[in-house]
Structure formats: C-alpha cells, structure tokens
Amino acid sequence: MTTPLPAADGDVLRVERLSVRFRMRGGRSVEAVTDATFRLRPGACLALVGESGCGKSVLASALLGLLPGNAETAGSALLPDGLDLLAAGERTLARTVRGRRVGLVPQSPAAHLTPVRTVRSQLEETVRELAAPEGGKAELRAAAEAAAARAAFPADHLDRYPHELSGGLAQRAATALALVGDAPLLLADEPTTGLDRDLVHRTVDELRAHTRDAGRALLMITHDLAAARRVADTVAVMYAGRIVETAPAGAFFGAPGPRHPYARGLLDALPERAFTPIPGVPPELGNLPPGCAFAARCALADATCRAARPPFTEGVACHRA
Ligand SMILES: Nc1ncnc2c1ncn2[C@@H]1O[C@H](COP(=O)(O)OP(=O)(O)OP(=O)(O)O)[C@@H](O)[C@H]1O
Ligand SMILES: [Mg+2]
C-alpha cells in the first residue's frame, strides 16, 4: 500500500513546487524547472507561455513520467483522488494515467506517431485500447473518424502514413489521438504549430470544448499568445525554469495587463502591439545569475534585481512589479 496523500482539494490538478533537474556528464546538473506551483480548477484552461527553452515541455513530460533517465523530479502533482503523478510508478502511469486520466498532445507529433502505420490504424488501435467501444469494426471505424474530425484531420488523409503528412497534418493527427481517451486532464504542448489561423482557432476551441464537461481541465503550452488569449482563463508565464507570473487572462491580456516586465515584453512582441522583440536571450539554465534571471534584459532592473532573486508573491516574481 502507498501512503495516502492529501487529496487535490477539488482541483483537477494541483502542482506544488515541481522541480526537474538533469544530471549531466562530469557530475554537473541543470535545473530545467524550479518550484513550479499552480492548480487547475474544474473547467479551467491554463496557458503556460514563455520563450523557447524555458522548461515548458520538461514540465509537461514530468507530469506524465516521460522524462529521460538522467532527470530527477521534486515536488508533487496531485490528481483529484490524490494520486501523485511525480511519485507514481511507470506501471501505474502506463496502465491508468497516460491517455486515460491525462491526455497529451505532444510537441513533436512526428516523433509520437508510429511511422509504419496509417493514421487510421493508429486511431483505431487507440480507440480500442482507451475507449473500449461497444460493437464491431464499423463502430471502431466510426469512433476513429469522429476523433479525426474533432481535430480537423481530413477524412481523406486517414489512410496515409505519418511521413506522407505535412507538419500541420501530423499535428492534427496527434491531437486526434490525444482526444480519443477523453481524459479529464489534457496537456497540449504547442498544439497549433504549423496551422493557419483558422485551424488554430478550430483546434484550440475543440481543446477548450473538452473542458465543458464537469471535472475537466486543460493545460495549454504555447508560444501563440493570440491562441492563449482565445481560450485561457489563467496565464502562467515561465522564464528560465520558473513561473514568474500567474494572472487571470482578462487582466493579463486586457487591463491592467501583465505585471512582470518579461511578460509585458512578450505581449509587446505581438504583431498587433508594438512588435518590439525583447532584447537579448535567456540565460543558460546551468549558469543562472544570482539575482533575477531576467535582470540582464530588463530595462527596470536595479542593483537589488541583480543581487537577489525576487520571491514569488501575489502572482508575480519581480522586485519592480
Ligand atoms: N534530456 C535533457 N538533458 C538535459 N537538459 C535537458 C534535457 N531535456 C531538456 N533539457 C533542457 O531543459 C530546458 C527546457 O527545455 P524545454 O524543452 O522544456 O523547453 P520549452 O520551454 O518547451 O521550449 P520550446 O518552446 O522550444 O518547446 C532546455 O534548456 C533544455 O536544454
Ligand atoms: Mg517545448
């Protein structure tokens, strides 16, 4: 028997101080995610945003036990019945969690599709495995086609192999596969890469529709702030492995706007805003400065920012917010 854990207090997911460290050659290690804390209430859609390399996918992989062998995790990630995803064994994750309780739209769909099988056959197999449909071949076929339609995957491409798909089509195939198990918690890691704007809308609306049933939630990782604005009710901004701001989407995208200078910079980089990219690049995770990791790029930074890491208080980690 495992020790009973505190239940998630009505949350679909409750993540407390999740950290991920990679052990590297020569005894070095790199912390890719540090103390991530957030919760997903029933019906919630949390958008996790931030520049490339800030730890978003590592966080999602940690939740599903998909990290490579050189990774170590700390903290907890509780499902409603108290199952801690970070403590659960591979057997539990494989048999009862992945696809069933937590669905994943992976960031690199091509890597997650089986190269030697058509999209239809992969969908049908996943339906057979996860949805246990009543009836025979015709029902299986119909369920697979319905999943494809939900992800806007064209029916006349179902008999193609992954290598015959464009990036956008592979993305939609992966989304269809993730929707099959109807998992209450969906993690969608850049689900709109390679899609035109109208398909972006269709895809995120479909993912969002998933949360309409009771007890469901969506964590959407995205570079696409316009897509985030369309579906999210809460935004979490990550920088160099840490969540530096969480805010209700209305306040974040509208008034008063983001509070962290990095988050303001992300919004200013949107084409319909000033279109001003944030100067500089994020620091190396293995070589973070002692103070605020954003200080070197921040117009507001002062000596305090460079010397002391800002604590996360009242939704933001910034000395100057
Ligand atoms: N197996 C690994 N070993 C060591 N470091 C790793 C490993 N996997 C990821 N990292 C590091 O963790 C950091 C975060 O990577 P992650 O893939 O989560 O970024 P991301 O925010 O998803 O970026 P993107 O927006 O480009 O997808 C990166 O700096 C990466 O180099
Ligand atoms: Mg990623």
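The values are calculated or read from the model by the stated rules, or taken from the named source; none is laboratory data. Because the structure is predicted, anything quoted here is derived from the model rather than measured. Glycine also receives a Cβ, built like all others from the backbone with ideal geometry; neighbour counts cover every protein chain displayed. Please note that ligands, DNA and RNA were not included when accessible areas were found on the heavy atoms of the full protein model with its side chains. Shrake-Rupley method; radii C 1.70, N 1.55, O 1.52, S 1.80 Å.
Structure remark: mean-square fluctuation, Gaussian network model of the chain, C-alpha springs under 10 Å; the largest value among 290, 109, 271 belongs to 271.
Just by accessible area at a 1.4 angstrom probe, what is the order of 45, 318 from largest to smallest? Working shown, then result.
Working: 45 0, 318 30 Å².
Largest accessible area first, the residues go 318, 45.
Amide H contacts under 5 Å for residue 238: 49, 50, 244, restricted to partners 5 or more places along the chain or on a different chain, H placed in the peptide plane at 1.01 Å from N.
Spin-label model, residue 302/residue 284: points 7 Å from Cα along the beta carbon direction are separated by 3.2 nm. Relative contact order, whole percent, for segment 100-194 stands at 51, derived from Cα pairs under 8 Å and 6 or more residues apart.
When a 1.4 Å probe is rolled over the protein heavy atoms, the share of accessible surface on segment 100-149 that falls to carbon and sulfur comes to 54 percent. Relative to the 2.2 N^0.38 Å rule of thumb, segment 8-83 has a C-alpha radius of gyration ratio of 1.17. Residues in the chain average 47 Å² of solvent-accessible surface per residue, probe 1.4 Å, ligands and nucleic acids excluded. Sorting 278, 221 by solvent-accessible area of protein heavy atoms yields 278, 221, largest first, with a 1.4 Å probe. Sorting 51, 190, 284 on solvent-accessible area from highest to lowest, probe radius 1.4 Å, gives 284, 51, 190.
Under a model in which nothing but the beta-carbon of Lys, Arg (+1) and Asp, Glu (-1) is charged, the chain shows a dipole of about 540 debye around its Cα centre.
Per residue, the chain reaches -7500 deg cm²/dmol at 222 nm when only DSSP H runs of four or more residues are counted, each adding -39500 (n - 2.57). In the elastic network of the chain, a GNM with C-alpha springs shorter than 10 Å, the most mobile of 114, 73, 203 is 114. Across segment 215-285, Cα pairs under 8 Å and at least six residues apart give a relative contact order of 21 percent. When only the Cβ of Lys, Arg, Asp and Glu is charged (+1, +1, -1, -1), the dipole of segment 194-317 relative to its Cα centre reaches about 180 debye. Among 58, 71, 102, which residue has its Cα furthest toward the positive end of the charge dipole of segment 47-121, with +1 on Lys/Arg Cβ and -1 on Asp/Glu Cβ? Of 58, 71, 102, it is 102. Please find, in a Gaussian network model of the chain (springs between Cα atoms separated by less than 10 Å), the residue of 131, 188, 77 whose mean-square fluctuation is greatest. Greatest mean-square fluctuation among the candidates belongs to 131.
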